[in-house]
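Please read the structure below before turning to the comments.
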Amino acid sequence: MVTPRSHRSAALALATAVASLAALAVPFHAVAAPAAPAGAADAKAALPAVTPRAETPALHDDEAGGDADADDPAIWRDTANPDRSLVIATGKQGGLRVYDLAAREVQSLPAPAAPGPDHAPGRYNNVDLVHGLRLSSGKADLAVTSDRGTDRLRFYRIDNSRPGAPLTDVTAPSAPPVFSADQQEIDDQRTAYGLATWTDKATGRSYALVSRRERTSIALLELTPAADGKVDYRKVRTLDLPADFRLPDGTSWTPCGEPGELPQVEGMVVDPADGTLYAGQEDVGIWRLRADLTGTPKLIDKVREYGVPGTYDEETEECAPGTDPGYGGKRVTADVEGLTLLTEKDGDGYLLASSQGDNTFAAYDREVSDANEYEGGFRVTAASATLDGSEECDGAAVLNEPLGSRFPNGLLVVQDGHDAPGDSERPSTNFKFVDLGKVMDALDD
């Protein structure tokens, strides 16, 4: 769902992608925009298109729909019966949804209620998986979610032997806020936002990397067993990415936003082979850093709008972009979202990123030794009049493993921020299931 911040990002995207305006199927306030850089629209049009095979039922971010808003998926493979694998996805205030490979809903789990009448309710933002975590009740696969509403992580044990209810909440009651000191700070909602999990091959310990809404902070949390098969965590360290940047002309630039709002991170993924964390700072670009949050982060690609000055308008709640100085990248349009890792058995693979501002996906070489060079991109477009593609994609997940008869080549799941056709009077979002073989063919072209 498009938040006011996403509207501002769409406005900045307009500055460099005017020719692709029709693809941004979201309302926005008019802004004065310079001409798009030459070739930007042509580059998008030249990208190959792939079509989804299935889609989940629409979620609606209104009272009748339970304030549910599709955001981020994860793919859990049932090794005993891959046909019964699951897609686990967040619905923000609507909680967590579990789907089978036909994109049918298997289970719906609510987010926690607000602790009091003046407090924020639970709001599940991102989800990732941990495999074989040792609990007091034995090893288990877990779905881990960032609860933006309560500034906490929540954990769900996955047990596919339970028909209709494969997930069970195993969050320890003592699980603390990730960033906030008290309930008042939680209600300010500068809380747990983006999420990626990581198991350190050297120690076997499992962690969650969690970003903070409207801030540049990332926290490293170690996951720990608690009594009765529950899961808790402790903070190891935090790291702050830059909020302002020195441009080649010697000036300083900060992405435009509401007063007091810093350029946040949401999409994150860790390469399990070497513990490399990739983090998408939405209005800036993609960072590469160590998952243990030591060392120096490196910006491996910039959004097209990097360096574009903007003036925030309190009345319209939009950023009016100024003249583009030409310091931005050429592959992704803000916001950069939905990072996911496509691994291959020979060690090759791709880092995939959602280029939310122009409804495309960018692929980078997984290998750090190759400087994560750009390898190509693709679009997810409509398969038919009733099965549309993906627009304004927030989250994505990929698994390069055979998933039974439906997806023998693996699966890519992407969020669709504007599900169509649908009720034009209601906000509609869902998830698209794409045959990974089609994606690989597109990237090989």
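Cross-link reach is defined here as a Cα-Cα straight distance under 16 Å, omitting same-chain residues fewer than 8 places apart; for K139 the aspartates and glutamates meeting it are D78, D159, D169, D228, D232.
With a ≥ b ≥ c taken as the square roots of the eigenvalues of the C-alpha gyration tensor of the range 296-434, please select rounded if a/c is under 1.5 and otherwise prolate if a/b is larger than b/c or oblate if it is not? Oblate.
Among the protein heavy atoms of the range 369-445, carbon and sulfur supply 44% of the accessible surface, probe 1.4 Å, non-protein parts ignored. Considering helices alone, the calculated mean residue ellipticity of the chain at 222 nm is -2000 deg cm²/dmol, with DSSP H runs of length four and up weighted by -39500 (n - 2.57) and normalised per residue. In terms of accessible area, using a 1.4 Å probe and ignoring ligands and nucleic acids, H418, H119 rank largest first as H119, H418.
In a fully extended conformation the segment linking E258 and D441 would gain 61.7 nm over its present Cα-Cα distance, using 0.36 nm per residue.
Counting only protein heavy atoms and using a 1.4 Å probe, the accessible area of T381 comes to about 40 Å².
How do 321-328, 294-301, 334-341 rank on mean C-beta neighbours within 10 Å, highest first?
Working: 321-328: 16.8, 294-301: 14.2, 334-341: 27.9.
The packing order, highest mean first, is 334-341, 321-328, 294-301.
The heavy atoms of C319 offer some 0 square angstrom of accessible surface to a 1.4 angstrom probe. Could you name the lysines in cross-link range of K298, using Cα to Cα under 18 Å and dropping any fewer than eight places away on the same chain? Here the lysines satisfying the reach criterion relative to K298 are K330. When Rg and the Kirkwood radius Rh are both evaluated on Cα atoms of the chain, their ratio Rg/Rh stands at 0.94. Annotation: cysteines of the chain without a disulfide-compatible partner (Cβ-Cβ under 4.7 angstrom) are C393.
Counting only protein heavy atoms and a probe of 1.4 Å, the accessible surface of the range 133-212 is 44% carbon and sulfur.
Ordered by solvent-accessible area of protein heavy atoms (1.4 Å probe), largest first, the residues T254, T216 come out as T254, T216.
Each of D249 and R237 was given a label point 7 Å from its Cα along the Cα-to-Cβ line. The distance between the two points is 3.7 nm. The charge dipole of the chain, taken about its Cα centre with unit charges on the Cβ of Lys, Arg, Asp and Glu (plus for the first two, minus for the last two), comes to roughly 1360 debye.
Is there a quick way to get the dipole size of the range 277-350? I mean about its Cα centre, with the Cβ of Lys and Arg at +1 and of Asp and Glu at -1; what is the value in debye to the nearest 20?
On the way: 8 positive and 16 negative charges, 138 e Å.
So the magnitude is around 660 debye.
Calculate, for the chain, the solvent-accessible area per residue in square angstrom, rolling a 1.4 angstrom probe over the heavy atoms of the protein chains.
Details: 17280 Å² over 445 residues.
Here the per-residue accessible area is 39 Å².
Please find, in a Gaussian network model of the chain (springs between Cα atoms separated by less than 10 Å), the residue of A273, A208, A120 whose mean-square fluctuation is greatest. Residue with maximal mean-square fluctuation among A273, A208, A120: A273.
Surface calculation, 1.4 Å probe, protein heavy atoms: I186 sits at approximately 10 Å² accessible.
Compactness ratio of the range 120-267: Cα Rg over 2.2 N^0.38 Å, N = residue count?
Working: Rg = 17.2 Å, N = 148, 2.2 N^0.38 = 14.7 Å.
Rg over 2.2 N^0.38 Å, computed on Cα atoms: 1.17.
Would you work out which of G322, A442, T276 lies farthest towards the positive end of the dipole of the chain, given +1 charges on the beta-carbon of Lys and Arg and -1 on that of Asp and Glu, about the Cα centre? Comparing the listed Cα positions along the dipole, T276 ranks first.
Ranked by solvent-accessible area (1.4 Å probe, protein heavy atoms only, all chains present), the residues K201, K139, K432 order from largest to smallest as K201, K139, K432.
Evaluate the relative contact order of the chain (contact order divided by residue number), counting alpha-carbon pairs under 8 angstrom at least 6 apart; express in whole percent. Don't skip to the answer; put the middle values down first.
Values: 1239 pairs, mean separation 75.3, N = 445.
In percent, rounded to a whole number, it is 17.
Cα centroids of the range 124-139 and the range 236-294: 26 Å apart. Between the range 56-104 and the range 148-209, the alpha-carbon centres lie 17 Å apart.
What full-extension length gain, to one decimal in nm, is calculated for E367 and S137 as 0.36 nm per residue of separation minus the Cα-Cα distance?
On the way: separation 230, 0.36 × 230 = 82.80 nm, distance 3.76 nm.
Extending this stretch completely gives an extra 79.0 nm.
Applying 0.36 nm per residue to the separation of A165 and A114 and subtracting their alpha-carbon distance, the gain on full extension is 16.0 nm.
The values are calculated or read from the model by the stated rules, or taken from the named source; none is laboratory data. Keep in mind that what you see is a predicted model, and the values were worked out from it rather than measured. We place every Cβ from the backbone using ideal geometry, glycine too, and count neighbours over all the protein chains shown. Side chains included, ligands, DNA and RNA excluded: accessible areas come from the protein's heavy atoms. Shrake-Rupley method; radii C 1.70, N 1.55, O 1.52, S 1.80 Å.
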